[in-house]
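Heads up, the thing below is written out as structure tokens.
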Amino acid sequence: MNPDDVAYRKSARNMALILAVMAITILAAIFIPPYLNPSHDEFQTAVSTDSGFGFAMSLTLNSTAVQPLGHLALTAWLNSTSDSIQNITSQESWTYPQSGLWTLPCIGGWPIGIGVMEGHYTEDNYTLGTLLPLNPPDTKCLASSPPQYLLLYPHSSEAQASINGSLSPWLLRMEFTFGEGSLGQNALPASQRGSGLPQGVYTVVLADEWGDVLTASFQVT
């Protein structure tokens, strides 16, 4: 075969290979799920959703980026959207098992909980993620009965919880600081402990006992 023909065919094969790689790269960028290739522009420090039970559930992050040894402050609350007192019957319709969420210690039947998982997820696909194990509060608590219902004051996070026939004032708000120290003992391999959170994208999940869910993502850099 003519040497020029050999060189031409080799050049053509190389060009075809380059074009194929470029095409695969472009298609991957378009179709790879967002939880594997998220856009940082999607990250928000505040999210909220209206529940069908007369309140809004809200979540804020003090930042959308944190260093491996840093900490992220999370704040979550329920706020009545009604002009009058709302009587909301307690339910056990958690989207996640409550045991996997961080809630206020020593309060039986606390209606909201926070979880964190690696990866970028939204309200549309959060069930694909796995919650990281979080350390339970150190506080030793006496058994506490859950409320039968909550009376929410108009446009407020203040409520009265009906517990065994008595009303107890509750503020439906909680704060949680997330960092490596928040993780359970087996959340990270032994070789990584003490080095901080692995780099990547994480998603905070806020859920309530009526089945409402919020998500917000941040990045460890």
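The values are calculated or read from the model by the stated rules, or taken from the named source; none is laboratory data. Just so we're clear, the structure is a prediction, and the values are computed from it rather than from any experiment. Cβ sites come from the backbone with ideal geometry, for glycine too, and all protein chains shown count toward neighbours.
Results for (1) over 16 Å from G113 (Cα atoms); (2) of a type in the set (K, R); (3) in contact with a Cys (Cβ under 9 Å, 6 or more places away or on another chain); (4) modelled with pLDDT under 95, shown as yes or no for each residue.
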{"site": "P133", "(1), (2), (3), (4)": "no, no, no, yes"}
{"site": "P146", "(1), (2), (3), (4)": "no, no, no, yes"}
{"site": "R173", "(1), (2), (3), (4)": "no, yes, no, no"}
{"site": "S191", "(1), (2), (3), (4)": "yes, no, no, yes"}
{"site": "P198", "(1), (2), (3), (4)": "yes, no, no, yes"}
Exercise for the section: Would you mind stating whether T60 is modelled with pLDDT of 95 or more, over 17 Å from I114 (Cβ atoms) and of a type outside the set (D, E)? Expected result: no
Completion exercise
Only unsatisfied item for F218, checking (1) at pLDDT below 95; (2) part of a strand (DSSP E or B), is (1)
Exercise for the section: For region 106-122, name all the residues that are on the phi < 0 side of the Ramachandran plot and assigned to a loop (DSSP other than H, G, I, E, B). Expected result: I107, G108, W110, P111, H120, Y121, T122
Fill in the blank from the handout: Pairing a residue in region 209-221 that is more than 20 Å from T130 (Cβ to Cβ) with any residue that is assigned to a loop (DSSP other than H, G, I, E, B) and of a type in the set (F, W, Y), where Cβ atoms lie under 7 Å and the two sit 6 or more apart in sequence or on different chains, gives E209/W94; W210/F53
Handout entry: Breaking point among (1) more than 30 Å from S84 (Cβ to Cβ); (2) modelled with pLDDT under 95; (3) under 18 Å from the mean Cα position of the chain (by Cα), for T203
Key = (2)
Handout entry: Test set (1) more than 21 Å from A207 (Cβ to Cβ); (2) modelled with pLDDT under 95; (3) in contact with a strand residue (DSSP E or B) (Cβ under 9 Å, 6 or more places away or on another chain) - Y153 fails condition number
Key = (2)
Completion exercise
Within region 123-150, residues touching a helix residue (DSSP H, G or I) at 6+ places or on another chain (Cβ under 9 Å), crowded, with 18+ Cβ neighbours inside 10 Å and in a loop (DSSP other than H, G, I, E, B) come out as L131, L132
Exercise for the section: Determine whether L197 is closer than 14 Å to Q67 by Cα, touching a residue at least 40 places away in the same chain (Cβ under 8 Å) and more than 14 Å from the chain's Cα centre (by Cα). Expected result: yes
Practice task
Kindly check whether there is at least one residue in region 97-105 that is closer than 19 Å to G181 by Cβ and at pLDDT 95 or above.
Solution key: no
Practice task
Considering every residue within region 7-26, establish whether at least one is in contact with a Ser or Thr (Cβ under 8 Å, 6 or more places away or on another chain) and modelled with pLDDT under 95.
Solution key: no
Practice task
Output the residues belonging to region 151-178 that are in contact with a Pro (Cβ under 9 Å, 6 or more places away or on another chain) and surrounded by 15 or more Cβ atoms within 10 Å (Cβ to Cβ).
Solution key: E158, A159, Q160, A161, S162, I163, W170, L172
Practice task
Enumerate the pairs (first residue in region 155-178 and in the same structural domain as S145 (by TED's automatic domain parsing) and on the phi > 0 side of the Ramachandran plot; second residue anywhere and loosely packed, with under 13 Cβ neighbours inside 10 Å and acidic (D, E)) with beta-carbon separation below 9 Å, excluding pairs fewer than 6 apart on the same chain, so at least 6 apart or on different chains.
Solution key: H155/D83
